[in-house]
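Reading through the C-alpha cells given below for one structure.
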Amino acid sequence: MILVNDINAHLEPYFKTGTEGIIWSVQIDILGYEGLYKLKDGDELIIYTKNRCAICWKGIVQLEYKRLYTPYPENPQYGQQLIFNRWVHGFQDSLQPHIWAKWFFEKMPASLLINDSKR
C-alpha cells in the first residue's frame, strides 16, 4: 500500500490529448506530474471539505462504466460516459455521478491509499 496524504493533495480531473476523456486522479501540486495518482479499483479514497475539517466521502474506489453512457455524435456505434459536457472514464458505483464529478471539478482536498496489488 502507498499512502498519498499531503496538505496539498486534491482531486484532479486529469485530461490530456490521448486520454480520450477525464481520468479521475489525486494530485499533489508541488510534485508536478510525479504527484499525479490515477484512481484504480481497490484504492481507498477520502474526500474532505474545502477546509479539511470534515470528510465528504470515504470508501474503496469501484468505478462503473454504464451510467450516463452516451453515443459519440459523429460515431454513434461507439460512445462513452458524459457528464457536465465532458467525456469521462467511470463513476464511483456507490455515488451519484454528478456528485462524484462535481468534487473532482472543484478539486476537493483528498487522501489516497493506493492498493498496489491491483496495479
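Throughout, read-outs are computed from the coordinates displayed, never taken from laboratory work. Fair warning: this is a prediction, and the values are worked out from it, not measured in the lab. Because the Cβ atoms are built from the backbone with ideal geometry, glycine has one as well, and the counts that use them run over all protein chains shown.
Key figures
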{"quantity": "Filter pass, Phe104 being loosely packed, with under 14 Cβ neighbours inside 10 Å, under 17 Å from Pro13 (Cα atoms) and in contact with a Phe, Trp or Tyr (Cβ under 8 Å, 6 or more places away or on another chain)", "calculated": "no"}
{"quantity": "Those residues of region 69-84 which are free of Cβ contacts under 8 Å to residues at least 60 places away in the same chain and either surrounded by 15 or more Cβ atoms within 10 Å (Cβ to Cβ) or of a type in the set (S, T, N, Q) (or both), in sequence order", "calculated": "Thr70, Asn75, Gln77, Leu82, Ile83"}
{"quantity": "Out of Leu95, Leu11, Leu112, sole residue that is part of a strand (DSSP E or B) and out of contact with any helix residue (DSSP H, G or I) (no Cβ under 7 Å at 6 or more places or on another chain)", "calculated": "Leu112"}
{"quantity": "Of all residues making up region 10-39, the number that are of a type in the set (Lys, Arg) and surrounded by 15 or more Cβ atoms within 10 Å (Cβ to Cβ)", "calculated": "1"}
{"quantity": "Subset tally (residues that are more than 19 Å from Lys58 (Cβ to Cβ), assigned to a strand (DSSP E or B) and within 12 Å of the chain's Cα centre (by Cα)) for region 72-92", "calculated": "1"}
